[in-house]
Amino acid sequence: MSVAQESPRSGKLAISVVAPNGNIVYFYKMDQTQAASVGISQGKARTAARYRRPSQVFFNVMQNPAGAFAGTLDPTLVASPGGFPLVEGGKIIGAIGCSGATGDQDAVACKAGADTIK
């Protein structure tokens with residue numbers, strides 16, 4: 001099966017969980033995950049934790065010229081879907097980031113993980 005024929009759910013994900021300060025506390029990588037996804041998943045999680053919002057927010061802001069400055073806020077900021085704060089009892093306890101599929105697919109996978117925390 002070629003890359004163009006892969007199903008939408010066939011992405012090999014790297015999944016990172018960080019503490020509220022952005023330090024890694026858990027990491028999992030599926031077999032055959034692309035090497036770049038390791039750092040990207042950690043960056044998405046770190047961005048969501050440190051800025052206390054989904055990494056998608058920065059992606060959305062940077063889609064217009066007025067938001068182009070967002071990338072200059074922090075050199076470690078990852079403006080891509082797939083990073084979510086982990087909120088328990090109204091308090092951010094960390095964040096989760098996924099990478100390896102499309103941005104939207106990364107977001108679906110990590111949102112499912114984030115939603116398990118109440």
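Structure notes:
- Residue list for segment 22-60, filter: under 16 Å from A107 (Cβ atoms) and among the β-branched types (V, I, T): I40, T47, V57
- Of all the listed residues (I24, I15), the sole one being at pLDDT 95 or above, among the hydrophobic types (A, V, I, L, M, F, W, C), under 15 Å from A95 (Cα atoms) and surrounded by fewer than 22 Cβ atoms within 10 Å (Cβ to Cβ) is I24.
- From the list D115, D106, the one residue that fits, being in contact with a helix residue (DSSP H, G or I) (Cβ under 9 Å, 6 or more places away or on another chain), closer than 17 Å to V17 by Cα and charged (D, E, K, R), is D106.
- Residue match in segment 68-80 (condition: within 20 Å of K12 (Cα to Cα) and assigned to a helix (DSSP H, G or I)): no
- Candidates P81, P85: the one that is closer than 20 Å to K118 by Cβ and surrounded by 12 or more Cβ atoms within 10 Å (Cβ to Cβ) is P85.
- Residue within segment 50-69 that is closer than 17 Å to V17 by Cβ, within 13 Å of the chain's Cα centre (by Cα), of a type outside the set (S, T, N, Q) and surrounded by fewer than 16 Cβ atoms within 10 Å (Cβ to Cβ) present: yes
The values are calculated or read from the model by the stated rules, or taken from the named source; none is laboratory data. In this text the structure is predicted, and so the values were computed from the model without any measurement. Methodologically, a virtual Cβ is constructed for each residue, glycine included, from the backbone with ideal geometry; neighbour enumeration extends over all protein chains shown.
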